[in-house]
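The next block holds one structure in the form of structure tokens; read it before the comments.
The values are calculated or read from the model by the stated rules, or taken from the named source; none is laboratory data. No experiment lies behind these values; they were computed from the predicted model shown. Heads up, the Cβs are rebuilt from the backbone with ideal geometry, glycines too, and the neighbour counts pull from every protein chain shown. Note: areas computed on protein heavy atoms with side chains; ligands, DNA, RNA excluded. Shrake-Rupley method; radii C 1.70, N 1.55, O 1.52, S 1.80 Å.
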Amino acid sequence: ATPTILGIAQSCKTENHTKTPPDVFTTEECLIITQLVDIILPKTDTPSASEVQVEVFIDRFADQVLFKEEQDFLRMTMGQFIDKALVNTTKENVLDLAPDELEAVLNTSLKLSKEEQKSNDETVENYMRALDEGAAIKLDAIVARNAFAKNLRNMTILGYKSAEYIGEEVLGYLPVPGEYVACGTAEELTGGKAWSL
């Protein structure tokens with residue numbers, strides 16, 4: 001998967017994503033994803049997630065790495081997430097949702113106890129197994145929102161850490177490996193930064 005992920009990250013860098021239609025998501029869904037990735041990784045002393053085109057990475061990752069069933073699951077759970085945001089705000093149009101309104105649903109979806117998260121993960125696993133067996137089954141909306149929020153958070157972090165700028169300018173980067181230091185700490189070797197992928 002690593003060459004595929006690096007290829008996706010490279011295509012995100014070179015392509016003008018504002019003129020390219022999304023591969024898996026609709027344009028409206030991509031706009032929501034852009035807001036959500038910036039909520040997960042906002043601009044601080046480092047760029048925000050959208051500044052390194054994480055939303056493009058997520059769309060490409062879904063298209064090139066996920067199976068069709070996983071793509072459908074991701075879009076279905078995103079639909080449950082957006083529906084909850086619309087219900088909470090009594091808005092009818094997805095494009096009218098503000099970042100703080102999306103953040104409220106994201107926070108609620110992610111703040112679960114370990115036991116609740118374990119139960120949700122088992123429910124999703126059973127749901128996917130039932131789908132594989134051809135059963136007509138419905139996933140609880142709360143579980144679906146949690147699954148989307150968790151998947152989005154994981155893909156956002158993966159896309160961010162895979163971005164060229166983050167890898168070379170923010171994380172510890174050594175393009176040509178040099179001397180081997182067996183017992184050096186991250187503080188000594190990279191100034192406390194994690195190593196680039």
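A few remarks follow.
- Scanning the range 24-34 for residues that are surrounded by fewer than 17 Cβ atoms within 10 Å (Cβ to Cβ) and in a helix (DSSP H, G or I) yields a count of 3.
- Qualifying residue in the range 181-196 (condition: at pLDDT below 80, of a type outside the set (D, E, K, R), outside any loop (DSSP other than H, G, I, E, B) and under 30 Å from Lys114 (Cβ atoms)): yes
- Asn120 more than 17 Å from Gln35 (Cα to Cα), open to solvent by less than 50 Å² (accessible area, probe 1.4 Å) and either of a type outside the set (Val, Ile, Thr) or touching a Leu at 6+ places or on another chain (Cβ under 6 Å) (or both): yes
- Every pair of residues 6+ apart whose Cβ atoms lie under 9 Å, when the first sits in the range 127-151 and is without any contact (Cβ under 8 Å) to a residue 40 or more places away in the chain while the second is open to solvent by less than 20 Å² (accessible area, probe 1.4 Å) and outside any helix (DSSP H, G or I): Tyr127/Leu139
- Of all residues in the range 35-56, those satisfying the criterion of being surrounded by 18 or more Cβ atoms within 10 Å (Cβ to Cβ) and small (Gly, Ala, Ser) are Ala49, Ser50.
- Once the range 129-152 is narrowed to residues that are more than 26 Å from Val87 (Cβ to Cβ) and among the hydrophobic types (A, V, I, L, M, F, W, C), the residue that is modelled with the highest pLDDT is Ala130.
- Residue satisfying all of: in the range 125-143; among the hydrophobic types (A, V, I, L, M, F, W, C) and closer than 11 Å to Thr77 by Cα; most open to solvent (accessible area, probe 1.4 Å) among these: Ile142
- Taking residues in the range 96-112 that are within 14 Å of Lys150 (Cα to Cα), and partners anywhere that are surrounded by 15 or more Cβ atoms within 10 Å (Cβ to Cβ) and of a type in the set (Val, Ile, Thr), the pairs with Cβ atoms closer than 7 Å and at least 6 places apart or on different chains are Glu103/Ile39; Leu106/Ile39.
- Residue selected from the range 57-108 under the condition hydroxyl-bearing (Ser, Thr, Tyr) and out of contact with any Phe, Trp or Tyr (no Cβ under 9 Å at 6 or more places or on another chain), by the criterion surrounded by the fewest Cβ atoms within 10 Å (Cβ to Cβ): Thr90
- Residue in the range 156-168 that is free of Cβ contacts under 8 Å to residues at least 60 places away in the same chain and farther than 24 Å from Ile32 by Cα present: yes
- Meets criteria (buried (at least 20 other Cβ atoms within 10 Å of the Cβ), more than 14 Å from Glu29 (Cα to Cα) and either within 14 Å of the chain's Cα centre (by Cα) or among the aromatic types (Phe, Trp, Tyr) (or both)) for Asn146: yes
- The single condition among (1) among the β-branched types (Val, Ile, Thr); (2) assigned to a helix (DSSP H, G or I); (3) out of contact with any Pro (no Cβ under 9 Å at 6 or more places or on another chain) that Val56 does not satisfy is (3).
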